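What follows is a set of notes on a single structure, which appears directly below.
Every number here is computed from the coordinates shown, using simple stated rules; none is lab data. Remember, it's a predicted structure, so these values are computed and weren't measured experimentally. Cβ atoms come from the backbone with ideal geometry, glycine included; neighbour counts cover every protein chain shown.
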């Protein structure tokens, strides 16, 4: 079963009829925005609504984490966990084709309506494992933007984080790349008093998620070990600041931040936070001692 939304093909063949992951009733409001507003109006609507889910899914800043990445008109892109399409347009504008996988039909329809002008976009709705087995192609770029941390909830087996990485790497064409965006379990903001992004609890990631099993992020050494276990041949770490969701700068090991650059720290929009110390001063200290890569709030990783 398929539907067309503008030029976008929405494939519902493997959809089981249940949207197991949702932000609730606000998604109906987001669907109306996608149907009625033009993309250039989204930032105004975000400022007017001042609701976290609308900000998270519709802010144009969300694209910054991938807009810089080189994509040309010959490339095939597989976006795993596309959600409401926060970054989908960045791929559809530049690539030859984009296949987006998403568990939720409602989120997929939000994505489809906001990107309905792109005839190179197909959204496949259903459980990732089922949809992935049905794919016939390999891809020049595969993405896991804010998805890896949830693998324990939708990938079967005893080691879901390794399994989804192996599966994603197995979908790469020769010379292709996997892009992963994920929070750092030991990110500076968590030490300084910000609630963990996924659990909403203070210090739960730092403490190793003692009360949660369905979601987890990783430190840099843990991510490197996971990538090696999954069979990655090479990888490059980038450091979106203040995080990958609303990046306004992206650093790398070739160009790390210098003292005085990291001043945009008190920016939590979804959870209450404490302020235990001055993050800017702490970052300056880390920059002086080359410790920033271990305490960056987020990672963006290119894997080949």
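Relative to the longest principal axis of the Cα atoms of the chain, the long axis of helix 160-170 lies at roughly 60 degrees. If you wrap the Cα atoms of region 140-206 in a convex hull and average its projected area over all directions, you get 5.2 nm². Roughly what percent of Cα-Cα pairs across region 97-247 reach past 22 Å? So the pairs more than 22 Å apart make up 47 percent of the total in region 97-247. Most tightly packed first, judged by the mean number of other beta-carbon atoms within 10 Å of their residues, the peptides 73-83, 247-257 read 73-83, 247-257. Each peptide in 47-53, 238-244 receives the mean, over its residues, of other Cβ atoms within 10 Å, and ordering these scores from highest gives 238-244, 47-53.
Measuring nothing but alpha carbons in the chain and taking Rh as the Kirkwood radius, the Rg to Rh ratio lands at 0.95.
Compared with the dominant Cα axis of the chain, that is its longest principal axis, helix 279-288 is turned about 80°. Exposure proxy ranking for 206, 110, based on other Cβ atoms within 10 angstrom of each Cβ and starting from the fewest, stands as 206, 110. Treating only the Cα positions of region 66-111 as identical point scatterers, give the base-10 log of I(q)/I(0) from the Debye formula at each q in 0.13, 0.15, 0.32 Å⁻¹. With one equal scatterer per Cα and no solvent, log10 I(q)/I(0) is -0.27, -0.35, -1.17.
When all alpha carbon pairs of region 198-252 are counted in 5 Å bins from zero, the resulting P(r) reads 4, 15, 18, 19, 23, 16, 4, 0 %. With all pairs of separate Cα atoms included, region 1-112 yields a Kirkwood hydrodynamic radius of 14.7 Å.
Helical runs assigned H by DSSP (4 residues or longer) give the chain a calculated mean residue ellipticity at 222 nm of -8000 deg cm²/dmol, each run adding -39500 (n - 2.57) before division by the residue total. Beta-bridge orientation, the chain: approximately 45 percent antiparallel, per DSSP, counting only bridges with both partners inside. For region 199-304, the square roots of the Cα gyration tensor eigenvalues, ordered a ≥ b ≥ c, give a/c of at least 1.5 with a/b no greater than b/c, which places it in the oblate category.
Cβ crowding within 10 Å ranks 198, 57, 211, 271 as 211, 271, 198, 57, fewest other Cβ atoms first. In terms of other Cβ atoms within 10 Å, 26, 125 run from fewest to most in the order 26, 125.
Could you tell me which of rounded, prolate or oblate describes region 52-147, using a ≥ b ≥ c as the square roots of the eigenvalues of the alpha-carbon gyration tensor, with rounded for a/c under 1.5 and, failing that, prolate when a/b is larger than b/c and oblate otherwise? The shape class here is oblate.
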